[in-house]
1. Please tell me if residue B:255 is exposed (fewer than 15 other Cβ atoms within 10 Å of the Cβ) and at positive phi.
2. Only one residue in B:524, B:530 is free of Cβ contacts under 8 Å to residues at least 60 places away in the same chain and assigned to a helix (DSSP H, G or I), so which one is that?
3. Output the strands (runs of 3 or more DSSP E) that fall wholly within segment A:1-74 and possess 3 or more residues being surrounded by fewer than 20 Cβ atoms within 10 Å (Cβ to Cβ) and more than 14 Å from chain B (Cβ to nearest Cβ), or say none.
4. Please specify each residue of segment A:83-122 satisfying the condition of being acidic (Asp, Glu) and facing another protein chain (nearest Cβ under 8 Å).
5. Looking at this structure, is residue A:111 among the hydrophobic types (A, V, I, L, M, F, W, C), open to solvent by less than 20 Å² (accessible area, probe 1.4 Å), under 25 Å from residue A:5 (Cβ atoms) and touching a helix residue (DSSP H, G or I) at 6+ places or on another chain (Cβ under 6 Å)?
6. Within the set of pairs 6 or more residues apart or between chains, which connect a residue that is farther than 21 Å from residue A:51 by Cβ inside segment A:6-32 to a residue that is assigned to a helix (DSSP H, G or I) with Cβ atoms less than 7 Å apart?
7. Would you be able to tell me the number of residues in segment B:138-191 that are within 10 Å of chain A (Cβ to nearest Cβ) and part of a strand (DSSP E or B)?
8. If you check every pair at least six apart or on different chains, which have Cβ atoms under 8 Å apart with a residue in segment B:408-427 that is touching a residue at least 12 places away in the same chain (Cβ under 8 Å) and over 17 Å from residue B:361 (Cα atoms) first and a residue that is surrounded by fewer than 21 Cβ atoms within 10 Å (Cβ to Cβ) and acidic (Asp, Glu) second?
Amino acid sequence: MQASRARLFKEYKEVQREKTADPDIQLVCDDSNIFKWTALIKGPSETPFEGGVFQLAFAVPEQYPLQPPQVRFLTKIFHPNVHFKTGEICLDILKNAWSPAWTLQSVCRAIIALMAHPEPDSPLNCDSGNLLRSGDTRGYQSMARMYTRLAAMPKKG
Amino acid sequence: MMGDHGNSEDEYVYVSDDDDDISGVDDCDDDYEADDYDDNRDEFQAVDVSIVTGPSSKVITKESLLAAQREDLVRIMDLLSVKEHHARALLIHYSWDVEKVLAVLVEHGNDELFAAAGVKVVEHDDGPSSLQFSSTVSCNICYDDVSATEVTTMDCSHCFCNDCWTNHFIVKINEGQSRSITCMAHKCGAICDEAKIRCLVGARDSDLAEKFDRFLLESYIEDNKRVKWCPSVPHCGNAIRIEVDELCEVECACGLQFCFGCSSEAHSPCSCLMWKLWSKKCQDESMTANWITVHTKPCPSCHKPVEKNGGCNLVRCICKRTFCWHCGGQTHDFYGCGRYKDKDVEMDTQSAKRDLERYMHYYNRYKAHTDSFKLERKMKKTMHNKINKLYESDTSSKDFSWITNGLNRLFRSRRILSYSYPFAFYMFGNQLFKEDRKKKKQRYEEEEEGEEGEKKKKRQKYEEEKKKNKQLEDDMKKERTIKQDLFEDQQQQFEANVEKLSMYLEEKFESYSEDKFKDWKMRTIALSVTTDNLGRNLYEFIETDLLGCFKDADHKIAPYKSKGVEKASEHHSSLGI
């Protein structure tokens with residue numbers, strides 16, 4: 001408990017100091033609870049998520065960093081490895097490939113990488129996975145782009 | 001044998017066709033080392049050896065576990081000249097199969113062998129630590145600067161502070177992953193040095209360090225294909241190691257007999273699958289069983305029930321096997337699993353009723369024999385008393401081991417008989433072997449097509465094919481009926497003999513006159529031999545004619561042993577520890 005608090009506090013300071021280091025990621029700690037974080041990440045360029053801003057919710061366990069944080073998308077996203085309703089993410093480093101050397105910041109980076117390189121073979125969103133697996137890249141991209149427009153971009157006017 | 005109570009001609013008759021009953025004598029001799037059959041003994045032992053080659057199973061007690069494990073460790077340490085913790089990591093990764101380790105070594109070489117098991121062998125001494133003695137090191141986990149004396153470097157040369165290491169180990173041990181605690185660094189699969197783990201964890205929580213040691217030790221049993229815990233309840237603390245790579249039934253030092261394949265009671269001639277299905281069918285469904293069926297799925301690799309704790313349908317078992325939650329398939333090939341497969345189930349009430357009747361037929365007989373077995377077990381004590389009485393009375397012979405042998409034969413045969421009913425239930429039923437029968441049919445068809453394939457392709461006569469199909473089905477049905485008849489005949493014969501033996505042994509022989517007693521002895525011994533032969537024939541028939549046709553199916557049964565289930569011998573370390 002103490003160890004996780006200390007580590008999170010250090011990560012917090014690191015985030016404050018290098019706020020401008022990675023413009024794609026904006027990590028914010030909850031005012032009253034250091035175990036709750038949110039992040040805003042930008043959709044990577046040359047993907048259907050480009051131009052969108054996605055919100056992530058982090059729930060950090062007390063045994064962090066020995067156990068991985070639980071992360072989910074708050075913004076709706078059409079992606080094979082993200083549950084369409086709950087926003088749950090299927091990513092190996094958040095499950096059995098977790099290493100205590102990861103930080104919240106690097107988890108965000110991994111999620112951005114996942115957005116650019118989906119794994120259609122272990123889908124949480126089967127519709128999305130099936131589109132990709134059947135080779136319908138165009139169908140997948142237009143669906144993903146539509147949801148990015150609908151959910152992850154500021155409404156015009 | 002037993003040449004001194006006269007009438008040697010009669011006795012010679014059964015000696016000649018009775019190699020087995022005599023070798024059976026050997027295992028229940030307390031004070032039975034009579035000289036009078038010594039001259040025959042060698043010959044019989046020779047027969048014995050040809051049947052069973054040496055003790056094929058050993059009991060590993062809590063005390064000998066360490067020594068047994070060390071044997072394998074030392075072999076690997078000597079052969080590969082590695083340290084103990086490396087040898088252990090290798091053996092754990094390869095399920096304690098020394099041959100497998102060596103095979104991988106020969107095929108892929110040292111580097112690949114070590115890499116696969118997460119073993120990093122480094123030559124560096126503890127030199128660098130003295131170099132950094134005065135400086136501080138920044139730990140990449142807690143981001144604290146700690147003095148160089150407070151950090152630990154593993155074989156993979158990753159260095160973190162002792163506090164972080166300890167926390168990591170405690171989490172892993174509590175998660176039940178003591179056997180393969182890997183380094184904390186990202187993508188580093190190196191197994192941590194057990195001595196360092198022990199030292200660090202022990203400093204904070206000595207109970208947990210002990211637990212860690214126990215887990216490491218028990219890995220020898222739990223990850224090892226040739227070693228299994230004795231399934232006794234309450235647990236006797238023993239494990240059994242088999243020396244041969246085949247299905248068998250063993251008896252633990254605690255007296256429990258069990259099947260090494262599935263750890264349930266010894267059930268041959270039923271195969272493990274048959275027995276599992278049967279006991280499940282007979283057992284009332286308890287709440288726990290219900291919960292397990294609803295919430296878990298068996299891992300296709302280790303068969304432990306797995307509960308899903310996340311959304312992802314690609315589930316990873318603790319044995320590291322990933323499988324699809326929907327279909328239980330081993331690979332993550334989701335393509336086929338969503339397709340609806342039409343199972344032609346015809347569940348009209350008529351067939352359900354017939355099925356039930358069929359089941360009750362077999363169940364009643366199975367139950368009757370199991371009950372008889374329980375009653376006959378009680379005879380053991382009364383028989384013992386009777387034999388003691390015979391000792392006291394002055395008969396010419398003091399050798400009554402054949403009575404105990406006959407009794408043991410009865411116990412074994414009775415069990416075989418009771419298990420032969422569930423065997424028949426599945427063997428001649430429609431539940432199992434469906435796929436195999438289909439395959440067999442295909443094989444027939446292919447064979448025939450090969451013979452006149454050319455002609456057939458030209459003609460393409462649909463009608464004829466249909467007719468042929470029907471005939472083929474009829475033929476197979478006929479074959480099945482013939483086999484079932486044969487099996488049932490043998491079973492009935494065996495059963496009749498078992499009942500007769502039971503009757504003989506229940507006779508009040510202690511009050512017989514000398515002549516009558518001699519007659520009773522002759523009858524009992526002869527019957528015991530016949531029963532043994534019939535039992536062996538039954539097994540042979542099952543193995544070759546019934547199960548032998550379905551080579552693809554994994555129905556194997558433990559071989560027939562006329563001495564009964566083999567008692568595992570004590571493990572004696574060859575290292576002398």
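1. yes
2. Details: B:524 fails: free of Cβ contacts under 8 Å to residues at least 60 places away in the same chain.
One residue alone meets the criteria, B:530.
3. Working: elements: A:25-29, A:36-42, A:53-59, A:70-73.
Counting at least 3 such residues, we get A:36-42, A:53-59.
4. Taking segment A:83-122 first, the residues acidic (Asp, Glu) are A:88, A:92, A:119, A:121.
Scanning segment A:83-122 gives A:88, A:121.
5. On the way: among the hydrophobic types (A, V, I, L, M, F, W, C): yes; open to solvent by less than 20 Å² (accessible area, probe 1.4 Å): yes; under 25 Å from residue A:5 (Cβ atoms): yes; touching a helix residue (DSSP H, G or I) at 6+ places or on another chain (Cβ under 6 Å): no.
No; evaluated as a whole, the condition is false for this residue.
6. Every condition considered, the pairs that remain are A:11/A:104; A:15/A:105; A:29/A:12.
7. 2
8. Pairs found: B:410/B:376; B:411/B:376; B:414/B:376.
The values are calculated or read from the model by the stated rules, or taken from the named source; none is laboratory data. Just so we're clear, the structure is a prediction, and the values are computed from it rather than from any experiment. Because the Cβ atoms are built from the backbone with ideal geometry, glycine has one as well, and the counts that use them run over all protein chains shown. Only protein heavy atoms, including side chains, enter the accessible area calculation; ligands, DNA and RNA are left aside. Shrake-Rupley method; radii C 1.70, N 1.55, O 1.52, S 1.80 Å.
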